[in-house]
1. Roll a 1.4 angstrom probe over the protein heavy atoms and tell me the percent of accessible area of the stretch B:231-732 that is carbon or sulfur.
2. So if R0 is 56 Å, what FRET efficiency would B:A338 and A:D92 give, r being the distance between their Cβ atoms, rounded to the nearest 0.05?
3. Within the stretch B:442-468, whose backbone N sits under 19 Å from a point 7 Å along Cα→Cβ of B:I528?
4. Rank B:I528, B:A378, B:Q322 by how far each Cα sits towards the positive end of the charge dipole of the protein assembly as shown (+1 on Lys, Arg Cβ; -1 on Asp, Glu Cβ) and give me just the farthest.
5. So for B:H304, B:H383, what's the accessible-area order with a 1.4 Å probe, most first?
6. Can you work out the Karplus-derived ³J(HN,Hα) for every residue in the stretch B:488-496? Use 6.51 cos²θ - 1.76 cosθ + 1.60 with θ = phi - 60°, whole Hz, and x for glycine or proline.
7. So for B:I501, B:I85, B:I157, what's the accessible-area order with a 1.4 Å probe, most first?
8. With every protein chain present, what is the per residue accessible area of the protein assembly as shown (1.4 Å probe, Å²)?
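The values are calculated or read from the model by the stated rules, or taken from the named source; none is laboratory data. Not measured: the values here are computed from a predicted model. In this analysis, Cβ positions are derived from the backbone assuming ideal geometry, glycine residues included, and neighbour counts consider all displayed protein chains. Quick note on the areas: whole protein, heavy atoms, side chains included, nothing else; ligands and nucleic acids left out. Shrake-Rupley method; radii C 1.70, N 1.55, O 1.52, S 1.80 Å.
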Amino acid sequence: MILVLAFVANSASAQELKKVEEVKIQTSAKCGECKERIESALNYVKGVQFAELNNDTKVVTIRYKTKKVTLDKIKAEIAATGYDADDVKALDAAVEKLPMCCKPTHEKH
Amino acid sequence: MKYIILGIAFFACLHGATAQLKGVVFSHSADPNQKIPIYNAKVRLIQSGEGAYTEEDGTFELILPKILPDTMVISAIGFTSDTIIVTKKDRFAGFQITLYSDQLLPEIVVAAKRSSHSILRLKTLLVENISSDELKKAACCNLSESFETNASVDVNITDAVSGAKKIQMMGLDGVYTQIQFENIPYLRGLESSFGLNSMPGTWVESIQITKGTGNVVNGYESMAGLVNIELKKPEEMERVFVNGYVNRFGRGEINFNSGFRLGKKWSTGWFAHASIVPFEVDENKDGFRDIPNGSNLAVFNRYHYQGKKMEAQLGFNAYWDQRLGGQTSFDGTNFASAYGVLIDSKHIDAFAKTGFFLKKPLHSIGVVYNVKYQTVNANFGLHEFTGSEKRGYVNAIYDGIINNSTHKFKVGMSGVYSDIEQQMDSLNNDRLEIVPGAFGEYTFSGARLSAVVGLRGDYHNIYGFQYAPRVHLKYSFTERLDVRATVGKGWRVPNYMIDNISLLATGRSWIAPDTISPEISWNVGGSISQGFKLWKNAGSITADYFHTRFENQMIVDRDVNINAIVFNSLDGTSYSNSLQVELAYSAGKQIDVRFAYKWLDVKAMYGGILQTKVMVPVHRGFFNIGYTTRNKRWLADATVSVFGEARMPQNALPGGGVTTDEFSPVYPMISAQITHVLHAWEFYLGGENLGNFVQRDPIIDAQNPFSSTFDATRVWAPVVGMNIYAGFRFSIKQPKREVVPEL
């Protein structure tokens with residue numbers, strides 16, 4: 001049912017507000033620990049049906065109900081977890097709380 | 001111990017011209033596309049003395065020493081260490097290192113795999129791994145339920161009154177499978193009958209099931225298989241874990257675990273378990289409790305020390321279990337007026353492990369110590385069994401390599417002290433065993449071929465010298481096709497009383513053996529395992545065949561005399577053939593399915609002729625499906641097992657007739673569970689025996705429990721119907737340790 005809705009929604013014209021939206025957001029995640037943190041934070045946001053982070057590209061795919069939650073709110077949630085979400089920068093206070101390897105200052109290959 | 005295979009792949013990791021050495025350490029995974037970095041792995045250069053620990057994402061950096069080449073040692077808790085020669089060329093390249101989980105002494109296994117149930121591809125032996133995720137699929141209660149979602153090990157109810165369950169591998173009784181706790185022989189001697197209950201499921205981190213004789217290093221008693229149980233490790237287990245469980249029959253259970261660090265080098269884990277069956281259950285109205293009432297308590301406390309040159313563990317375990325079964329009119333004391341079953345078992349146990357890393361890289365010495373005291377008192381009606389066992393065990397292993405890690409060896413010595421006393425009515429079976437032994441094992445790990453060749457010799461103070469050679473081979477034909485072969489010998493000294501104590505729940509008399517001699521068997525087997533990709537998803541198909549042949553065995557003969565159970569040393573042939581085919585497939589990220597079929601042909605001399613062992617189904621089918629939602633907040637799984645016909649023992653009936661049902665009917669067992677995850681909480685609801693299949697009249701002549709025709713041992717199916725249970729888990733993860741590399 002949800003799948004069908006998403007499909008219909010995607011093919012509908014842009015003016016209409018889709019009921020279920022799927023977005024991809026580039027994050028500043030670094031490792032498996034980050035994946036777990038972002039996914040578990042988003043999966044408990046009301047309206048989010050699922051969030052999956054790609055370990056290679058660090059892009060998180062989110063499907064959500066537009067009536068319950070907005071894209072801005074989702075990005076704010078990622079920022080509050082300590083990671084950049086597209087153009088929204090991570091909150092400093094949240095970054096402080098991350099373990100060493102997840103911090104943006106941490107060198108990455 | 002330093003069982004290693006490494007994949008060194010150079011990957012782009014250029015980082016200026018600073019003379020640095022970089023790399024990533026991964027743990028081996030069944031899925032080649034998934035790489036799990038190892039956190040806190042130790043990387044050290046031997047000559048220069050430089051060292052570092054890996055970060056959370058598995059990366060490490062070292063300053064390239066001036067004197068080259070140097071040897072780099074990579075080690076992590078729970079993984080086999082590896083070495084790499086570092087040359088000047090490596091300053092512009094990065095190392096990608098894969099460490100493999102080690103299950104050998106004295107290190108600790110980390111089941112760092114995604115699939116909750118998998119065949120460990122790298123092992124030379126056919127080893128199935130059951131991870132903690134798989135264990136959660138069957139939420140209740142202890143080790144005997146842990147095998148419910150697994151086709152290789154069968155769990156059987158032994159009788160209709162004691163509530164005891166026993167495992168079987170290859171159709172052979174659980175006593176022929178060596179059960180060990182972190183490589184220490186565990187459920188043996190007096191614990192062969194009720195021991196599975198003594199290990200709560202929530203303590204278990206993972207279980208490894210080896211088919212065929214295992215390694216020689218851990219003893220001589222694995223004849224059909226080897227089951228190793230890894231409990232949760234102090235430094236990785238939950239900071240706090242609480243679990244509560246209740247089921248339809250009123251069984252209640254509570255578990256509490258906690259692990260924490262004591263300074264830099266020590267860590268400790270605390271485990272407690274209590275359960276109770278307070279209410280009387282008699283659903284089939286035969287006047288007997290279908291499930292015994294009772295309660296049990298178990299506590300375990302362990303410590304781990306991780307130093308630079310040595311590693312040590314020690315632990316203490318205590319267990320107390322009391323059960324009351326039999327007729328509902330039984331008051332717990334008066335065995336003459338009503339048929340009562342009273343079982344009281346206790347043990348205290350201490351173990352220690354020490355491991356020293358020698359100056360020579362990849363050489364180490366490990367010593368394991370274990371002492372245990374246990375008692376079992378069991379009343380089955382007018383029969384009374386009392387037993388006690390004092391046990392001491394020591395095993396010392398020297399571990400090393402010859403030139404490089406392609407050739408590894410282990411040599412060592414072991415000692416067993418066992419003072420076991422058993423008294424059943426007028427029969428007595430006391431024995432003092434002192435068994436010093438020595439062993440050697442060579443492991444070859446080539447690119448395609450790997451081999452483990454071992455030999456051990458033990459001198460038993462009563463039965464003299466016994467030897468046990470074992471050979472295991474694995475050949476990888478392609479990246480996805482593994483073929484394994486094994487041959488080996490195992491032996492044990494039988495304890496005919498405790499091994500068969502459930503057979504006291506009958507009016508038949510026991511005829512004790514004239515002599516007791518060691519049971520000796522040879523096991524030959526092979527397997528083919530093929531991985532495949534279908535519609536972009538990974539799957540595997542495994543077929544294995546094992547043949548066990550006894551040179552000598554304690555035969556429990558229920559055919560020779562209808563009024564007695566006769567114990568005798570084997571005179572003639574006894575063997576088991578076991579064929580299993582298993583298909584596992586992940587249909588996308590969310591659905592996992594497994595199908596298995598097993599064929600068993602277990603025959604021995606019963607009643608003077610070669611015939612099938614009673615109560616062993618010839619055919620068994622198994623199907624398991626697991627589903628996880630994409631947001632990982634809901635998990636569901638279901639298991640269907642179909643048990644085929646099994647030959648039944650003939651029993652006398654009241655009034656002079658005999659039972660006419662030669663075979664038990666085919667029956668299914670369905671179980672399912674659904675789990676909801678909410679932050680630190682997990683809630684589960686599940687059902688067992690959802691088909692509500694019950695054996696009617698499991699007890700023969702239940703009205704006259706003191707007659708000679710009374711029999712509660714002809715049980716081939718559940719005595720109680722559908723069970724519904726619910727529970728919760730609450731856990732706070734262990735905070736990650738931030739390690740500053742000690743340079």
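1. Within the stretch B:231-732, the accessible surface is 63 percent carbon and sulfur.
2. After rounding to 0.05, the efficiency reads 0.15.
3. Counting only backbone N, you get B:449-450.
4. B:I528
5. B:H383, B:H304
6. Calculated HN-Hα couplings, in order: x, 10, x, 8, 7, 9, x, 10, 4 Hz.
7. B:I85, B:I157, B:I501
8. 41 Å²
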